[in-house]
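Please read the structure below before turning to the comments.
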Amino acid sequence: GMTILWNGTPILEHSARLNKPLELLALLLLRGDKKLTNEQLMDGLWESDEIENPAGALKNAAYSLRKFLQKADKEKRFIITESGRYIWNPEISVTTDVWEFEQEARLADQPGTPAEERIPHARRALKLYTGDLLPSLSMQQWVIQYSSYLRQTYLRTVKNLAATLCERGGREDLEETLDICNRAALVGYEAGCAELLSGDLQPVLRRAGRTSFARAAGHISLGFPRSEPDEGKSAPDPAGFGRDYAGRPAHPRRILLRV
């Protein structure tokens, strides 16, 4: 879903389904300060044969979006057009949890930075990540691409933080390593966790104790096995959009607007 806050007040709360005006809003925001042409927006919002008049549909979506955003402030122009291009008004400050996650992940992955400085950023990044981006739009190409990038960033952060904690080698560090891998499995990334725990970290994780290591290395899903199909039924497609393996739905993301 998507949540929108204006000065701390919700104007959209936990929307499970996003209509075209809200999808247009998400597209404009997550593209940052890029000015998007009518053609780019139409390609992002609709398949080529989905509607007969995409230009007219885009105008209608933009009109409805402007009306929706008037709930926040009737005097402000949130969406502006310049030379046939749409852009979020750069004079209106915005923050999103997606951007916060990306920033923390970058700071956690700075080469040459001491581990004690990187660890807090990695922890904040992992806390911000709750699953695939905008799952109700998981069939849209721009969402698929962005979601894949965020997923890989998340798994890289998990791996780097786990390796750093294991290098320190304390029992609390090793327990935290198991915890963050377990959480990654909960949001649907069991394959990545299995590779992590069965590879370079195995010798180090043995220090955590026989029971903990067996739990980590002996079970791909860290105690959360993959769902099996009922007898006589075929398993869901593990490559299905919005899912990282059969039977595990993606988790929602949120977009926050603040001034």
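The values are calculated or read from the model by the stated rules, or taken from the named source; none is laboratory data. On a predicted model such as this, the values are computed, not experimentally measured, just so you know. Backbone-built Cβ (ideal geometry, glycine too); neighbour counts: all protein chains shown. Surface areas here come from the heavy atoms of the whole protein model, side chains and all, with no ligands, DNA or RNA. Shrake-Rupley method; radii C 1.70, N 1.55, O 1.52, S 1.80 Å.
Brief remarks follow.
- Hey, THR95 open to solvent by less than 70 Å² (accessible area, probe 1.4 Å) and either touching a residue at least 24 places away in the same chain (Cβ under 8 Å) or of a type in the set (Gly, Ala, Ser) (or both) or not: yes
- Hey, TYR149 over 30 Å from VAL187 (Cα atoms) and either touching a strand residue (DSSP E or B) at 6+ places or on another chain (Cβ under 8 Å) or open to solvent by 20 Å² or more (accessible area, probe 1.4 Å) (or both) or not: no
- Looking only at residues in the range 109-142 that are at pLDDT 90 or above and of a type in the set (Val, Ile, Thr), the one that is most open to solvent (accessible area, probe 1.4 Å) is THR113.
- GLU102 being among the acidic types (Asp, Glu), more than 30 Å from LEU161 (Cβ to Cβ) and without any contact (Cβ under 8 Å) to a residue 60 or more places away in the chain: no
- Odd one out for HIS14 among (1) assigned to a loop (DSSP other than H, G, I, E, B); (2) under 17 Å from the mean Cα position of the chain (by Cα); (3) modelled with pLDDT under 90: (1)
- Residue among SER64, SER48 that is open to solvent by 20 Å² or more (accessible area, probe 1.4 Å), assigned to a loop (DSSP other than H, G, I, E, B), more than 25 Å from LEU150 (Cα to Cα) and out of contact with any strand residue (DSSP E or B) (no Cβ under 9 Å at 6 or more places or on another chain): SER48
- Residue that is modelled with the lowest pLDDT [pool: residues in the range 51-61 that are in contact with a helix residue (DSSP H, G or I) (Cβ under 6 Å, 6 or more places away or on another chain) and not in a loop (DSSP other than H, G, I, E, B)]: PRO54
- Hey, VAL158 assigned to a helix (DSSP H, G or I), hydrophobic (A, V, I, L, M, F, W, C), without any contact (Cβ under 8 Å) to a residue 12 or more places away in the chain and buried (at least 20 other Cβ atoms within 10 Å of the Cβ) or not: no
- Residue within the range 162-184 that is open to solvent by less than 20 Å² (accessible area, probe 1.4 Å), within 20 Å of TRP99 (Cα to Cα), polar (S, T, N, Q) and assigned to a helix (DSSP H, G or I) present: no
- ALA191 being aliphatic (A, V, I, L, M), surrounded by fewer than 19 Cβ atoms within 10 Å (Cβ to Cβ) and at pLDDT 85 or above: no
- Residue that is in contact with a Phe, Trp or Tyr (Cβ under 6 Å, 6 or more places away or on another chain) and either closer than 18 Å to ILE92 by Cβ or in contact (Cβ under 8 Å) with a residue 40 or more places away in the chain (or both), where the choices are LEU36, LEU25: LEU36
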